[in-house]
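Participant: The structure under discussion is supplied below as C-alpha coordinates; questions concerning it will follow.
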Amino acid sequence: MSKVPTSIDTHSVMFITQRPDVIMVEGEGSWLTDNNGKRYLDFLQGWAVNCLGHGNPGMISALNAQAKKLINPSPAFYNEPMIGLSNLLTSNSCFDKVFFANSGAEANEGAIKLARKWGQLHKGGAFEIITFDHSFHGRTLATMSASGKPGWDTLFAPQVPGFPKADLNDLESVKKLVTNNTVAVMLEPVQGEGGVIPADHEFMKSLRKFTKEHNILLIVDEVQAGCGRTGKLFAHQLYDIEPDIMSLGKGIGGGVPLAAVLATDAVACFVPGDQGGTYNGNPLMTAVGMSVIEQLLAPGFLDAVKAKGALLRAELLKLANEFGLEGERGEGLLRALMLGKDVGPKLVELARDRAPEGLLINSPRPNLLRFMPALNIADEEIVQMCNMLRELLKQV
Ligand SMILES: *Cc1c(COP(=O)(O)O)cnc(C)c1O
(Lines give C-alpha, C1' and ligand atoms only; values in the text may rest on other atoms or scores of the structure.)
Protein backbone atom coordinates (compact mmCIF):
# COMPACT_ATOMS: atom_id res chain seq x y z
CA MET A 1 0.00 0.00 0.00
CA SER A 2 1.36 3.42 -0.94
CA LYS A 3 2.10 5.77 1.94
CA VAL A 4 0.43 9.11 2.48
CA PRO A 5 2.84 11.85 1.39
CA THR A 6 4.57 13.23 4.49
CA SER A 7 3.11 16.64 3.67
CA ILE A 8 -0.24 15.17 4.69
CA ASP A 9 -0.45 15.09 8.44
CA THR A 10 -3.38 13.31 10.11
CA HIS A 11 -2.35 13.73 13.76
CA SER A 12 -5.27 16.00 14.58
CA VAL A 13 -7.88 13.53 13.32
CA MET A 14 -9.26 11.69 16.36
CA PHE A 15 -8.44 8.01 16.24
CA ILE A 16 -11.58 5.90 16.09
CA THR A 17 -10.65 3.25 13.57
CA GLN A 18 -7.72 1.94 11.56
CA ARG A 19 -7.68 3.61 8.15
CA PRO A 20 -5.41 2.78 5.20
CA ASP A 21 -2.66 5.25 4.31
CA VAL A 22 -4.48 6.89 1.45
CA ILE A 23 -6.84 9.81 1.03
CA MET A 24 -9.91 9.43 -1.14
CA VAL A 25 -10.18 12.47 -3.38
CA GLU A 26 -12.67 11.83 -6.16
CA GLY A 27 -15.57 9.62 -7.14
CA GLU A 28 -17.51 8.84 -10.28
CA GLY A 29 -20.23 6.23 -10.54
CA SER A 30 -18.89 3.00 -9.05
CA TRP A 31 -15.28 4.22 -8.88
CA LEU A 32 -13.28 6.06 -6.22
CA THR A 33 -9.85 7.59 -6.83
CA ASP A 34 -7.22 8.16 -4.13
CA ASN A 35 -4.49 10.79 -3.78
CA ASN A 36 -2.04 8.58 -5.72
CA GLY A 37 -4.40 8.32 -8.67
CA LYS A 38 -5.24 4.68 -7.90
CA ARG A 39 -8.84 3.70 -8.75
CA TYR A 40 -11.07 1.43 -6.69
CA LEU A 41 -14.23 -0.39 -7.77
CA ASP A 42 -16.54 0.61 -4.94
CA PHE A 43 -18.83 -2.09 -3.57
CA LEU A 44 -19.12 -0.26 -0.23
CA GLN A 45 -20.54 3.03 -1.50
CA GLY A 46 -20.20 4.74 1.86
CA TRP A 47 -21.73 1.69 3.62
CA ALA A 48 -24.82 1.29 1.41
CA VAL A 49 -25.29 5.06 1.40
CA ASN A 50 -24.48 6.27 -2.13
CA CYS A 51 -27.37 4.46 -3.77
CA LEU A 52 -26.84 6.38 -7.03
CA GLY A 53 -23.07 6.07 -6.96
CA HIS A 54 -20.53 8.89 -6.81
CA GLY A 55 -21.12 12.20 -8.56
CA ASN A 56 -24.77 11.66 -9.48
CA PRO A 57 -25.73 14.62 -11.73
CA GLY A 58 -29.32 14.85 -10.47
CA MET A 59 -28.19 15.08 -6.85
CA ILE A 60 -25.51 17.62 -7.69
CA SER A 61 -27.91 19.93 -9.51
CA ALA A 62 -30.50 19.64 -6.70
CA LEU A 63 -27.78 20.53 -4.19
CA ASN A 64 -26.51 23.48 -6.25
CA ALA A 65 -29.96 24.87 -6.98
CA GLN A 66 -31.06 24.66 -3.34
CA ALA A 67 -27.77 26.13 -2.06
CA LYS A 68 -28.34 29.20 -4.24
CA LYS A 69 -31.97 29.51 -3.16
CA LEU A 70 -32.06 28.85 0.60
CA ILE A 71 -29.79 26.83 2.87
CA ASN A 72 -31.42 27.24 6.27
CA PRO A 73 -34.58 29.12 7.20
CA SER A 74 -34.49 27.43 10.71
CA PRO A 75 -36.54 24.43 11.77
CA ALA A 76 -39.26 26.78 13.05
CA PHE A 77 -40.51 27.24 9.47
CA TYR A 78 -41.69 24.97 6.69
CA ASN A 79 -39.49 24.82 3.61
CA GLU A 80 -40.30 23.59 0.11
CA PRO A 81 -38.11 20.45 -0.16
CA MET A 82 -39.14 19.33 3.36
CA ILE A 83 -42.77 19.32 2.24
CA GLY A 84 -41.97 17.89 -1.19
CA LEU A 85 -39.96 14.95 0.15
CA SER A 86 -42.54 14.22 2.88
CA ASN A 87 -45.24 14.01 0.21
CA LEU A 88 -43.08 11.81 -2.00
CA LEU A 89 -42.44 9.37 0.86
CA THR A 90 -46.00 9.16 2.13
CA SER A 91 -47.55 8.85 -1.34
CA ASN A 92 -45.28 5.86 -2.03
CA SER A 93 -45.71 4.03 1.28
CA CYS A 94 -48.29 3.04 3.89
CA PHE A 95 -47.21 5.93 6.16
CA ASP A 96 -48.86 9.33 6.65
CA LYS A 97 -46.30 11.48 8.46
CA VAL A 98 -42.55 12.10 8.15
CA PHE A 99 -39.99 13.61 10.53
CA PHE A 100 -36.51 14.19 9.08
CA ALA A 101 -33.29 13.51 10.96
CA ASN A 102 -29.57 13.67 10.21
CA SER A 103 -28.48 10.07 10.76
CA GLY A 104 -29.93 6.59 11.01
CA ALA A 105 -29.29 6.46 14.74
CA GLU A 106 -31.12 9.73 15.24
CA ALA A 107 -34.05 8.47 13.15
CA ASN A 108 -34.20 5.33 15.32
CA GLU A 109 -34.07 7.47 18.47
CA GLY A 110 -37.09 9.28 17.05
CA ALA A 111 -38.86 5.99 16.35
CA ILE A 112 -38.15 4.80 19.90
CA LYS A 113 -39.39 8.07 21.40
CA LEU A 114 -42.53 7.99 19.27
CA ALA A 115 -43.31 4.42 20.36
CA ARG A 116 -42.75 5.27 24.04
CA LYS A 117 -44.96 8.36 23.69
CA TRP A 118 -47.68 6.24 22.09
CA GLY A 119 -47.31 3.77 24.96
CA GLN A 120 -47.85 6.57 27.49
CA LEU A 121 -50.96 7.78 25.70
CA HIS A 122 -52.54 4.52 24.63
CA LYS A 123 -51.02 1.59 26.52
CA GLY A 124 -50.76 2.51 30.19
CA GLY A 125 -47.11 3.61 30.00
CA ALA A 126 -45.80 0.54 28.19
CA PHE A 127 -42.22 1.30 27.07
CA GLU A 128 -40.36 -1.91 26.29
CA ILE A 129 -39.31 -2.47 22.71
CA ILE A 130 -38.37 -6.02 21.76
CA THR A 131 -35.35 -6.05 19.42
CA PHE A 132 -33.20 -8.88 18.06
CA ASP A 133 -29.91 -10.58 18.60
CA HIS A 134 -27.24 -9.39 16.12
CA SER A 135 -29.33 -6.39 15.13
CA PHE A 136 -27.77 -2.99 14.54
CA HIS A 137 -29.67 0.25 15.14
CA GLY A 138 -26.95 2.88 15.62
CA ARG A 139 -24.34 4.31 17.97
CA THR A 140 -26.23 6.59 20.32
CA LEU A 141 -26.76 5.22 23.84
CA ALA A 142 -30.39 4.19 23.24
CA THR A 143 -29.75 2.70 19.80
CA MET A 144 -26.67 0.83 21.08
CA SER A 145 -28.91 -0.58 23.79
CA ALA A 146 -31.49 -1.54 21.18
CA SER A 147 -28.78 -3.25 19.09
CA GLY A 148 -27.97 -6.92 19.61
CA LYS A 149 -24.29 -6.57 18.80
CA PRO A 150 -22.16 -8.81 21.01
CA GLY A 151 -20.26 -6.78 23.63
CA TRP A 152 -22.34 -3.65 23.29
CA ASP A 153 -24.30 -4.45 26.46
CA THR A 154 -21.25 -3.55 28.55
CA LEU A 155 -19.29 -1.17 26.30
CA PHE A 156 -20.74 2.06 27.69
CA ALA A 157 -22.67 0.60 30.61
CA PRO A 158 -25.20 1.18 31.99
CA GLN A 159 -27.45 0.64 29.00
CA VAL A 160 -30.71 2.41 28.36
CA PRO A 161 -33.24 -0.10 29.77
CA GLY A 162 -36.22 -1.53 27.92
CA PHE A 163 -34.79 -3.47 24.97
CA PRO A 164 -35.17 -7.23 25.54
CA LYS A 165 -33.67 -9.34 22.72
CA ALA A 166 -35.42 -12.05 20.72
CA ASP A 167 -34.05 -14.33 17.98
CA LEU A 168 -34.67 -13.35 14.38
CA ASN A 169 -37.07 -15.64 12.52
CA ASP A 170 -38.34 -17.19 15.76
CA LEU A 171 -41.79 -15.90 16.70
CA GLU A 172 -41.86 -17.98 19.89
CA SER A 173 -38.80 -16.10 21.16
CA VAL A 174 -40.72 -12.84 20.66
CA LYS A 175 -43.86 -14.12 22.38
CA LYS A 176 -41.79 -15.19 25.42
CA LEU A 177 -40.62 -11.59 25.96
CA VAL A 178 -44.01 -9.92 25.73
CA THR A 179 -45.27 -8.32 28.97
CA ASN A 180 -47.77 -5.59 29.82
CA ASN A 181 -44.88 -3.18 29.32
CA THR A 182 -44.29 -4.17 25.69
CA VAL A 183 -45.02 -1.28 23.37
CA ALA A 184 -43.25 -2.32 20.16
CA VAL A 185 -41.12 -4.80 18.26
CA MET A 186 -38.31 -3.28 16.20
CA LEU A 187 -36.32 -5.08 13.51
CA GLU A 188 -34.33 -4.73 10.31
CA PRO A 189 -36.13 -6.55 7.46
CA VAL A 190 -32.64 -7.61 6.41
CA GLN A 191 -30.05 -7.51 9.19
CA GLY A 192 -27.17 -5.64 7.56
CA GLU A 193 -24.27 -5.33 10.00
CA GLY A 194 -25.30 -8.69 11.48
CA GLY A 195 -24.19 -10.37 8.23
CA VAL A 196 -26.98 -9.79 5.67
CA ILE A 197 -29.63 -12.02 7.23
CA PRO A 198 -33.11 -11.51 5.76
CA ALA A 199 -36.17 -12.01 7.92
CA ASP A 200 -38.21 -14.98 6.61
CA HIS A 201 -41.38 -14.23 4.75
CA GLU A 202 -43.44 -16.38 7.10
CA PHE A 203 -41.85 -14.81 10.19
CA MET A 204 -42.56 -11.23 9.08
CA LYS A 205 -46.15 -12.06 8.19
CA SER A 206 -46.84 -13.79 11.50
CA LEU A 207 -44.97 -11.11 13.47
CA ARG A 208 -47.20 -8.44 11.93
CA LYS A 209 -50.31 -10.48 12.70
CA PHE A 210 -49.20 -11.17 16.27
CA THR A 211 -48.24 -7.55 17.06
CA LYS A 212 -51.54 -6.28 15.64
CA GLU A 213 -53.53 -8.74 17.73
CA HIS A 214 -51.71 -7.63 20.89
CA ASN A 215 -51.80 -3.88 20.26
CA ILE A 216 -48.00 -3.81 19.88
CA LEU A 217 -46.37 -1.48 17.33
CA LEU A 218 -44.14 -2.84 14.59
CA ILE A 219 -41.10 -0.69 13.81
CA VAL A 220 -38.95 -1.48 10.79
CA ASP A 221 -35.41 -0.11 10.71
CA GLU A 222 -34.83 0.33 6.99
CA VAL A 223 -31.76 2.53 7.34
CA GLN A 224 -29.73 0.01 5.33
CA ALA A 225 -32.33 -2.11 3.52
CA GLY A 226 -34.71 0.70 2.51
CA CYS A 227 -34.66 3.12 -0.43
CA GLY A 228 -34.49 0.64 -3.29
CA ARG A 229 -31.67 -1.53 -1.91
CA THR A 230 -33.74 -4.75 -2.04
CA GLY A 231 -35.39 -3.95 -5.37
CA LYS A 232 -38.51 -2.59 -3.64
CA LEU A 233 -38.68 1.07 -2.63
CA PHE A 234 -38.97 -0.14 0.98
CA ALA A 235 -37.83 -3.55 2.21
CA HIS A 236 -41.01 -4.37 4.19
CA GLN A 237 -42.87 -4.24 0.85
CA LEU A 238 -41.11 -7.51 -0.01
CA TYR A 239 -43.27 -9.10 2.67
CA ASP A 240 -46.47 -7.31 1.79
CA ILE A 241 -46.93 -6.00 5.35
CA GLU A 242 -47.71 -2.56 6.75
CA PRO A 243 -45.61 -1.57 9.78
CA ASP A 244 -46.56 1.30 12.12
CA ILE A 245 -43.22 3.11 12.11
CA MET A 246 -40.24 3.01 9.73
CA SER A 247 -36.82 4.62 9.98
CA LEU A 248 -34.79 5.53 6.91
CA GLY A 249 -31.20 6.73 6.59
CA LYS A 250 -28.20 5.97 4.41
CA GLY A 251 -29.71 5.67 0.88
CA ILE A 252 -32.36 8.35 1.38
CA GLY A 253 -29.69 11.06 1.09
CA GLY A 254 -27.56 9.24 -1.47
CA GLY A 255 -24.47 10.45 0.45
CA VAL A 256 -25.64 13.59 2.24
CA PRO A 257 -26.61 13.36 5.92
CA LEU A 258 -30.35 12.75 5.79
CA ALA A 259 -32.61 10.29 7.60
CA ALA A 260 -36.29 10.06 8.43
CA VAL A 261 -38.91 8.59 10.75
CA LEU A 262 -42.20 7.67 9.09
CA ALA A 263 -45.37 6.81 10.97
CA THR A 264 -49.05 6.19 10.39
CA ASP A 265 -51.57 8.82 11.50
CA ALA A 266 -52.67 6.53 14.34
CA VAL A 267 -49.14 6.54 15.82
CA ALA A 268 -47.84 10.04 15.01
CA CYS A 269 -48.60 11.46 18.46
CA PHE A 270 -45.78 13.93 19.18
CA VAL A 271 -46.87 17.28 20.60
CA PRO A 272 -44.80 20.48 20.59
CA GLY A 273 -41.73 20.04 22.79
CA ASP A 274 -41.43 16.29 22.27
CA GLN A 275 -39.18 16.22 19.23
CA GLY A 276 -37.03 18.53 17.16
CA GLY A 277 -33.49 19.48 16.22
CA THR A 278 -31.51 22.25 14.59
CA TYR A 279 -31.00 20.62 11.20
CA ASN A 280 -34.13 18.47 11.04
CA GLY A 281 -35.80 18.95 7.67
CA ASN A 282 -32.99 21.17 6.42
CA PRO A 283 -33.80 22.14 2.80
CA LEU A 284 -30.30 21.51 1.47
CA MET A 285 -30.49 17.84 2.49
CA THR A 286 -34.19 17.27 1.75
CA ALA A 287 -33.71 18.75 -1.74
CA VAL A 288 -31.09 16.08 -2.41
CA GLY A 289 -33.38 13.44 -0.87
CA MET A 290 -36.11 14.44 -3.33
CA SER A 291 -33.76 13.97 -6.25
CA VAL A 292 -32.73 10.55 -4.90
CA ILE A 293 -36.27 9.25 -4.35
CA GLU A 294 -37.44 10.61 -7.72
CA GLN A 295 -34.62 8.74 -9.43
CA LEU A 296 -35.44 5.52 -7.55
CA LEU A 297 -39.07 5.87 -8.65
CA ALA A 298 -38.23 6.48 -12.32
CA PRO A 299 -39.88 3.84 -14.54
CA GLY A 300 -37.84 0.63 -14.64
CA PHE A 301 -35.26 1.66 -12.00
CA LEU A 302 -36.32 -0.75 -9.24
CA ASP A 303 -36.82 -3.59 -11.75
CA ALA A 304 -33.23 -3.00 -12.87
CA VAL A 305 -32.08 -3.25 -9.23
CA LYS A 306 -33.81 -6.64 -8.99
CA ALA A 307 -32.13 -7.80 -12.20
CA LYS A 308 -28.71 -6.58 -11.04
CA GLY A 309 -29.27 -8.32 -7.71
CA ALA A 310 -30.04 -11.55 -9.57
CA LEU A 311 -26.86 -11.14 -11.64
CA LEU A 312 -24.73 -10.52 -8.54
CA ARG A 313 -26.31 -13.57 -6.88
CA ALA A 314 -25.58 -15.77 -9.93
CA GLU A 315 -21.97 -14.59 -10.12
CA LEU A 316 -21.43 -15.11 -6.38
CA LEU A 317 -22.92 -18.61 -6.61
CA LYS A 318 -20.42 -19.40 -9.39
CA LEU A 319 -17.59 -18.38 -7.06
CA ALA A 320 -19.12 -20.42 -4.24
CA ASN A 321 -19.18 -23.48 -6.52
CA GLU A 322 -15.67 -22.96 -7.88
CA PHE A 323 -14.09 -22.54 -4.45
CA GLY A 324 -16.34 -24.82 -2.38
CA LEU A 325 -17.71 -21.93 -0.31
CA GLU A 326 -20.90 -22.08 1.76
CA GLY A 327 -23.08 -19.99 -0.53
CA GLU A 328 -24.61 -16.56 -0.69
CA ARG A 329 -27.67 -14.73 0.66
CA GLY A 330 -29.40 -11.36 0.66
CA GLU A 331 -32.04 -9.33 -1.13
CA GLY A 332 -31.55 -7.19 -4.23
CA LEU A 333 -28.18 -5.41 -4.07
CA LEU A 334 -27.52 -6.14 -0.40
CA ARG A 335 -25.79 -9.51 -0.55
CA ALA A 336 -23.22 -11.62 1.27
CA LEU A 337 -20.88 -14.40 0.18
CA MET A 338 -20.46 -16.99 2.91
CA LEU A 339 -16.84 -18.11 2.91
CA GLY A 340 -17.02 -21.04 5.31
CA LYS A 341 -13.84 -19.84 7.03
CA ASP A 342 -12.60 -16.65 8.65
CA VAL A 343 -10.74 -15.17 5.68
CA GLY A 344 -13.06 -12.15 5.22
CA PRO A 345 -10.78 -9.48 6.73
CA LYS A 346 -7.78 -10.83 4.76
CA LEU A 347 -9.77 -10.68 1.51
CA VAL A 348 -10.91 -7.11 2.25
CA GLU A 349 -7.28 -6.06 2.62
CA LEU A 350 -6.04 -7.95 -0.46
CA ALA A 351 -8.92 -6.47 -2.48
CA ARG A 352 -8.15 -2.92 -1.46
CA ASP A 353 -4.41 -3.32 -2.04
CA ARG A 354 -4.62 -5.15 -5.40
CA ALA A 355 -3.09 -3.35 -8.41
CA PRO A 356 -3.54 -1.59 -10.67
CA GLU A 357 -7.16 -1.23 -9.54
CA GLY A 358 -8.39 -1.82 -6.02
CA LEU A 359 -11.71 -3.29 -4.94
CA LEU A 360 -13.68 -2.07 -1.93
CA ILE A 361 -15.75 -4.70 -0.10
CA ASN A 362 -16.36 -5.41 3.57
CA SER A 363 -16.56 -8.23 6.04
CA PRO A 364 -19.11 -7.59 8.81
CA ARG A 365 -18.37 -11.11 10.10
CA PRO A 366 -14.99 -12.76 9.49
CA ASN A 367 -16.61 -15.68 7.63
CA LEU A 368 -18.43 -13.59 5.06
CA LEU A 369 -18.13 -10.70 2.62
CA ARG A 370 -20.84 -8.08 2.12
CA PHE A 371 -21.65 -6.28 -1.14
CA MET A 372 -23.64 -3.03 -1.29
CA PRO A 373 -22.85 -1.40 -4.64
CA ALA A 374 -24.57 1.60 -6.20
CA LEU A 375 -28.07 0.61 -7.31
CA ASN A 376 -27.29 1.89 -10.82
CA ILE A 377 -24.03 -0.05 -11.14
CA ALA A 378 -23.32 -1.41 -14.64
CA ASP A 379 -23.75 -5.17 -15.17
CA GLU A 380 -20.15 -5.31 -16.47
CA GLU A 381 -18.92 -3.86 -13.17
CA ILE A 382 -20.69 -6.63 -11.25
CA VAL A 383 -18.93 -9.23 -13.41
CA GLN A 384 -15.65 -7.32 -13.10
CA MET A 385 -15.94 -7.35 -9.30
CA CYS A 386 -16.50 -11.11 -9.26
CA ASN A 387 -13.50 -11.62 -11.56
CA MET A 388 -11.33 -9.58 -9.19
CA LEU A 389 -12.64 -11.63 -6.27
CA ARG A 390 -11.94 -14.88 -8.13
CA GLU A 391 -8.26 -13.91 -8.37
CA LEU A 392 -8.13 -13.08 -4.66
CA LEU A 393 -9.90 -16.25 -3.54
CA LYS A 394 -7.08 -18.23 -5.18
CA GLN A 395 -4.66 -16.53 -2.78
CA VAL A 396 -6.33 -17.44 0.52
C1 LIG B 1 -26.13 2.23 9.55
C2 LIG B 1 -27.33 1.79 10.28
C3 LIG B 1 -27.86 2.56 11.35
C4 LIG B 1 -27.18 3.79 11.86
O5 LIG B 1 -27.15 4.82 10.94
P6 LIG B 1 -26.15 6.06 11.16
O7 LIG B 1 -26.49 7.00 10.05
O8 LIG B 1 -24.77 5.51 11.09
O9 LIG B 1 -26.46 6.61 12.49
C10 LIG B 1 -29.04 2.13 11.93
N11 LIG B 1 -29.66 1.02 11.53
C12 LIG B 1 -29.19 0.26 10.52
C13 LIG B 1 -29.94 -0.95 10.09
C14 LIG B 1 -28.00 0.61 9.87
O15 LIG B 1 -27.50 -0.15 8.90
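Participant: Hey, what does the equivalent ellipsoid look like for the chain, semi-axes from the Cα gyration tensor as sqrt of 5 times each eigenvalue, largest first, whole Å? List each step's numbers first, then the result.
Facilitator: Values: eigenvalues 225, 135, 84 Å².
After scaling each eigenvalue by five and taking roots: 34, 26, 20 Å.
Participant: Nearest 10 degrees, 0 to 90: what angle lies between the long axis of helix 301-323 and the longest principal axis of the chain (Cα atoms)?
Facilitator: 60
Participant: Determine the alpha carbon to alpha carbon distance for each of K165/K394; K69/K117; K165/K250; K165/K212; K113/K175; K38/K68 and list only those over 28 Å. Can you show the working numbers first?
Facilitator: Numbers: K165/K394 40 Å; K69/K117 37 Å; K165/K250 24 Å; K165/K212 19 Å; K113/K175 23 Å; K38/K68 34 Å.
Result: K165/K394; K69/K117; K38/K68 exceed 28 Å.
Participant: Who wins for biggest fluctuation among N367, N50, N282 in a Gaussian network model of the chain, springs between alpha carbons below 10 Å?
Facilitator: Checking each option, the largest mean-square fluctuation is seen for N367.
Participant: Using the alpha carbons of the stretch 166-277, what is the convex hull volume per residue in cubic angstrom, as a whole number? Working shown, then result.
Facilitator: On the way: hull volume 13.6 nm³, N = 112.
Expressed per residue, the convex hull around the Cα atoms of the stretch 166-277 is 122 Å³.
Participant: Most mobile of G277, G228, G289 per a Gaussian network model of the chain (Cα springs, under 10 Å)?
Facilitator: Per the Cα network of the chain with a 10 Å cutoff, G277 tops the list.
Participant: Here's another thing I want to ask about it. I'd like the trypsin sites (Lys or Arg not before Pro) in the stretch 82-187 restricted to DSSP loop residues with at most 16 other Cβ atoms within 10 Å, sorted by number.
Facilitator: On the way: sites: K97, K113, R116, K117, K123, R139, K165, K175, K176; in loops: K123, R139.
Answer in residue order: R139.
Participant: Give me the percent of accessible area attributable to carbon and sulfur for the chain, probe 1.4 angstrom. Show your work: numbers first, answer last.
Facilitator: On the way: 9380 of 17320 Å².
C and S atoms contribute 54 percent here.
Participant: Among E315, E380, E188, determine the one that fluctuates most according to a GNM of the chain built with springs between C-alpha atoms less than 10 Å apart.
Facilitator: Result: E380 has the largest fluctuation of those listed.
Participant: Now, a different point. Averaging sequence separations of C-alpha pairs under 8 Å and six or more residues apart, then dividing by the length of the stretch 57-296, give the relative contact order as a whole percent. Mind showing how you got there, number by number?
Facilitator: Details: 472 pairs, mean separation 72.8, N = 240.
Across the stretch 57-296, relative contact order equals 30 percent.
Participant: Continuing with this model, one more query. What stretch of the chain, leaving out the sites themselves, is the longest with no chymotrypsin sites (Phe, Trp or Tyr not before Pro) in a DSSP loop having at most 13 other Cβ atoms within 10 Å? The partial results should precede the final answer.
Facilitator: On the way: sites that count: F15, F77, Y78, F156.
Longest site-free region, per DSSP loop and neighbour criteria: 157-396.
Participant: Assign unit charges at the C-beta atoms only (+1 for Lys and Arg, -1 for Asp and Glu), then state the dipole size of the stretch 213-282 relative to its Cα centre in Debye, rounded to the nearest 20. Walk me through the numbers before you get to the answer.
Facilitator: Working: 3 positive and 8 negative charges, 85 e Å.
With Lys and Arg at +1 and Asp and Glu at -1, about 400 debye.
Participant: How far, in degrees from 0 to 90, does helix 104-122 lean away from the longest principal axis of the Cα atoms of the chain, to the nearest 10?
Facilitator: Approximately 10 degrees, to the nearest 10.
Participant: If you don't mind, there's one more thing I want to ask. Considering the Cα positions of the stretch 6-62, please state its Rg to one decimal place and its Dmax as a whole number of Å.
Facilitator: Calculated on Cα positions, Rg and Dmax stand at 13.4, 37 Å.
Participant: Follow-up question, since we're still on this one. At R0 = 25 Å, how high is the FRET efficiency between Q275 and K212 if r is their beta carbon distance? Nearest 0.05 is fine.
Facilitator: Values: r = 25 Å, r/R0 = 1.01.
That pair, Q275 with K212, gives E of 0.50.
Participant: Right, something else. So if R0 is 30 Å, what FRET efficiency would F15 and D342 give, r being the distance between their Cβ atoms, rounded to the nearest 0.05?
Facilitator: Values: r = 25 Å, r/R0 = 0.85.
Given R0 = 30 Å and the Cβ-Cβ separation, E is 0.75.
Participant: Sticking with this one: When ligands, DNA and RNA are left out and all protein chains stay put, how many square angstrom of accessible area per residue does the chain have with a 1.4 Å probe? Provide the component values of the computation, followed by the final result.
Facilitator: Values: 17320 Å² over 396 residues.
On a per-residue basis, 44 Å².
Participant: Still on this structure: To the nearest 10 degrees, how steeply does helix 57-69 sit against the main Cα axis of the chain, on a 0 to 90 scale?
Facilitator: The answer is roughly 60 degrees.
The values are calculated or read from the model by the stated rules, or taken from the named source; none is laboratory data. Because the structure is predicted, anything quoted here is derived from the model rather than measured. Reconstructed Cβ throughout: ideal geometry from the backbone, glycine too, with neighbour counts over all protein chains shown. When the accessible area is computed, the model is the full protein with side chains, heavy atoms only, and any ligands, DNA or RNA have been set aside. Shrake-Rupley method; radii C 1.70, N 1.55, O 1.52, S 1.80 Å.
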